[in-house]
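Trainee: Got a structure for you, questions after.
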Amino acid sequence: MSSHQSGSSSAVKVGEFYELEVGPDVADSAHFNEDIAPTKVQERTWNTWNVAALWVGMAICVPTYTLGGVLTAYFGLSVGEALLTILLANVVVLIPLTLNAFSGTKYGIPFPVLLRSSFGVLGSNIPCLIRALVACGWFGIQTLFGGIAIHILFSALIPGWAALGGTGEVIGFFLFLALNLMVVIRGSESIKILETLSAPLLLAVGIGLMLWAMPKVSITELMAVPANRPEEASFASYFFGGLTAMVGFWATLSLNIPDFSRYVRSQKDQVMGQIIGLPLTMFFFAALGVVMTAASASLVGETISDPINLIGKIDSPFWVVIAMLMIIIATISTNTAANIVSPTNDFQNLAPKKINQTRGVLLTGAIGVALMGWELLKKLGWIQSDVSVEAMYTNWLLGYSSLLGPIAGIMIVDYFLIKRQQLNLAELYKTNGIYAGFNSAGLIAFAVPVGLTLFSLSTGTLGWFYQYGWFTGSLLGGLVYFMLGNRASSPALTGAAVNS
């Protein structure tokens, strides 16, 4: 009689991967549903190009385009320094991205389920909800950009639409919201198709824009513009502040990359796909933003750092329509993958029997709308406010990256150093299994750097700890977890009954 029939679930080894034969012990658990169950090996179909396309689709978006401007305006870097910082930050962030993707590919599990190993089945909800809230905020911001693009598109196509002003943008926001939610509700295959089709299109448009703008800009003059920081100030502190913020840009994805790597067909595909897809796309698109912003003065007579408004000022309805369609595709491909998939899984982790994938998606949408509520009311003219979305997300990148750093450090140390890449697949879903409840080592290792960050913010001492939050947090979180996790005896962690 097999363990499967007798009621206990077992991990089955297929080549280098594992999948779960689900018995009643896991199927009936309060911490299991089909959407967060390990993917079957035949469902792992993404190849190198699909992974690279995922990153191209996520990296080409309005916030990436404005990063060069953010670094020169807020972080006192010159254009050359800003672009170098963006390239370096994305090479740095590849390290946690590829490492955290390994477990997803090997075991087919999403991010919240992997967290159960280091934080406990119940404890995993704490980092999950922190990650989910950032994603909902970003989802709101991207949907705002998408809504403005829809409004400008309709203004070019429908006589009189432009007169709606802010109301038109709010209508656009909700139309764009519905498009995004539809893609994710249809599942991972629809995201794969969307990203794979949109990536070459977006790259082609980016290259076209670059070729068009280059003759209108003197690159040597652009590179010669001095940085707007005090002359005697040291380059290092400005550079590392900017680097931390740029690492913070994808710090979120470096945690929940298992949400995607669980669909990849080999470790080589996930590693190569990320190396090909991320650093160069981010560098190219941020560079495009810098060049286009510089060219905007000669194109439309004023300097505009936001591509949507820049294109909206071009006096050709045909090109405005084409460009807005591209921006809408770019923003959907970023938003669905980067900002909906993760919170959908995170909310399911809270109560898998009550929240399935569709409900998780709708919950993400509702919270995203609530977080952007003040901006929507402002557009409708119902409230007055001076807070800009740009200022908000610049501060947010720094602040939040310092919260997410420790989680990345803990996950990597747990999987590679303490568990030695061996997880008990069935136990991750059980209420009373070896990962049950709260893992105090994970929670303490998370609380120490977060406590230091809050101390640094409230007292003004140890400013460097907050300023380089992602680096200090991930290193300290990983170190504390390594010390505590090694002291706790690690239970036998291979699959329950492993059949080949």
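Trainee: From the list 177, 87, which one is in a helix (DSSP H, G or I) and closer than 30 Å to residue 242 by Cα? Step through it out loud before you land on a result.
Mentor: Numbers: 177 fails: closer than 30 Å to residue 242 by Cα.
When all the criteria are applied, what remains is 87.
Trainee: For the range 215-261, what are the residues that are more than 29 Å from residue 273 (Cα to Cα) and in a helix (DSSP H, G or I)?
Mentor: 215, 216, 219, 220, 221, 222, 223, 224, 235, 236, 237, 238
Trainee: Of the conditions (1) open to solvent by less than 20 Å² (accessible area, probe 1.4 Å); (2) modelled with pLDDT under 90; (3) closer than 30 Å to residue 19 by Cα, residue 108 clears all except one; give me its number.
Mentor: The number of the failed condition is (2).
Trainee: If you don't mind, there's one more thing I want to ask. Of everything in the range 18-67 that's surrounded by fewer than 21 Cβ atoms within 10 Å (Cβ to Cβ), of a type in the set (S, T, N, Q) and part of a helix (DSSP H, G or I), which residue is farthest from the chain's Cα centre (by Cα)?
Mentor: 42
Trainee: Which helices (runs of 4 or more DSSP H) sit wholly inside the range 267-386 and have at least 3 residues that are open to solvent by 60 Å² or more (accessible area, probe 1.4 Å)?
Mentor: 267-277, 279-300, 317-335, 357-371
Trainee: Report, by residue number, each residue of the range 91-105 that is more than 30 Å from residue 20 (Cα to Cα) and crowded, with 24+ Cβ neighbours inside 10 Å.
Mentor: 93
Trainee: Could you check residue 130 against (1) buried (at least 23 other Cβ atoms within 10 Å of the Cβ); (2) β-branched (Val, Ile, Thr); (3) part of a helix (DSSP H, G or I) and say which number it fails?
Mentor: Failed condition: (1).
Trainee: Right, here's the next one. Only residues that are in contact (Cβ under 8 Å) with a residue 24 or more places away in the chain and more than 25 Å from residue 56 (Cα to Cα): list them for the range 202-218, please. Step through it out loud before you land on a result.
Mentor: From the range 202-218, those in contact (Cβ under 8 Å) with a residue 24 or more places away in the chain are 202-203, 205-206, 209-210, 213-214, 216-217; that's our starting set.
Once the filter is applied, which keeps residues that are in contact (Cβ under 8 Å) with a residue 24 or more places away in the chain and more than 25 Å from residue 56 (Cα to Cα), the range 202-218 yields 216, 217.
Trainee: Still on this structure, I have one more. Suppose the filter is at pLDDT below 90, touching an Asp or Glu at 6+ places or on another chain (Cβ under 7 Å) and either in a helix (DSSP H, G or I) or crowded, with 20+ Cβ neighbours inside 10 Å (or both); does residue 72 pass it?
Mentor: no
Trainee: Kindly list, by first and then second residue, each pair from a residue in the range 97-116 that is over 14 Å from residue 427 (Cβ atoms) to a residue that is β-branched (Val, Ile, Thr) and in a helix (DSSP H, G or I), limited to pairs with Cβ atoms under 7 Å and residues at least 6 apart or on different chains.
Mentor: Sorted first by the residue in the range 97-116, then by its partner, the pairs are 98/271; 99/412; 100/412; 110/36; 112/36.
For every residue, the table says whether it meets (1) modelled with pLDDT under 85; (2) at positive phi; (3) charged (D, E, K, R).
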{"position": "239", "(1), (2), (3)": "no, no, no"}
{"position": "257", "(1), (2), (3)": "no, no, no"}
{"position": "295", "(1), (2), (3)": "yes, no, no"}
{"position": "313", "(1), (2), (3)": "yes, no, yes"}
{"position": "317", "(1), (2), (3)": "yes, no, no"}
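Trainee: Now for a different question. Go through (1) open to solvent by less than 10 Å² (accessible area, probe 1.4 Å); (2) over 24 Å from residue 193 (Cβ atoms); (3) of a type outside the set (Lys, Arg); (4) out of contact with any helix residue (DSSP H, G or I) (no Cβ under 8 Å at 6 or more places or on another chain) and name the single condition residue 84 misses.
Mentor: Condition not satisfied by residue 84: (1).
Trainee: Starting from the range 306-321, take each residue that is more than 28 Å from residue 73 (Cα to Cα) and touching a residue at least 40 places away in the same chain (Cβ under 8 Å) and list its partners that are in a helix (DSSP H, G or I) and open to solvent by 70 Å² or more (accessible area, probe 1.4 Å), counting only C-beta distances under 8 angstrom and pairs at least six apart or across chains.
Mentor: 317/157; 321/157
Trainee: Does residue 189 satisfy the criteria of being open to solvent by less than 30 Å² (accessible area, probe 1.4 Å), assigned to a helix (DSSP H, G or I), acidic (Asp, Glu) and closer than 27 Å to residue 359 by Cα? It would help to see each step written out before you state the result.
Mentor: Values: open to solvent by less than 30 Å² (accessible area, probe 1.4 Å): no; assigned to a helix (DSSP H, G or I): yes; acidic (Asp, Glu): yes; closer than 27 Å to residue 359 by Cα: yes.
No: the conditions fail for residue 189.
Trainee: A further question follows. For the range 172-181, check the following and say yes or no: at least one residue is without any contact (Cβ under 8 Å) to a residue 12 or more places away in the chain and more than 24 Å from residue 264 (Cβ to Cβ).
Mentor: Among the residues of the range 172-181, at least one is without any contact (Cβ under 8 Å) to a residue 12 or more places away in the chain and more than 24 Å from residue 264 (Cβ to Cβ), which makes the answer yes.
Trainee: I've got another one for you. Got a number for residues in the range 136-186 being open to solvent by less than 10 Å² (accessible area, probe 1.4 Å) and over 18 Å from residue 306 (Cβ atoms)?
Mentor: Summing the residues that are open to solvent by less than 10 Å² (accessible area, probe 1.4 Å) and over 18 Å from residue 306 (Cβ atoms) in the range 136-186 gives 5.
The values are calculated or read from the model by the stated rules, or taken from the named source; none is laboratory data. The model shown is predicted, which means the values in this text are computed figures rather than measured ones. Glycine also receives a Cβ, built like all others from the backbone with ideal geometry; neighbour counts cover every protein chain displayed. What goes into the accessible areas is simple: the full protein's heavy atoms, side chains included, and nothing from ligands, DNA or RNA. Shrake-Rupley method; radii C 1.70, N 1.55, O 1.52, S 1.80 Å.
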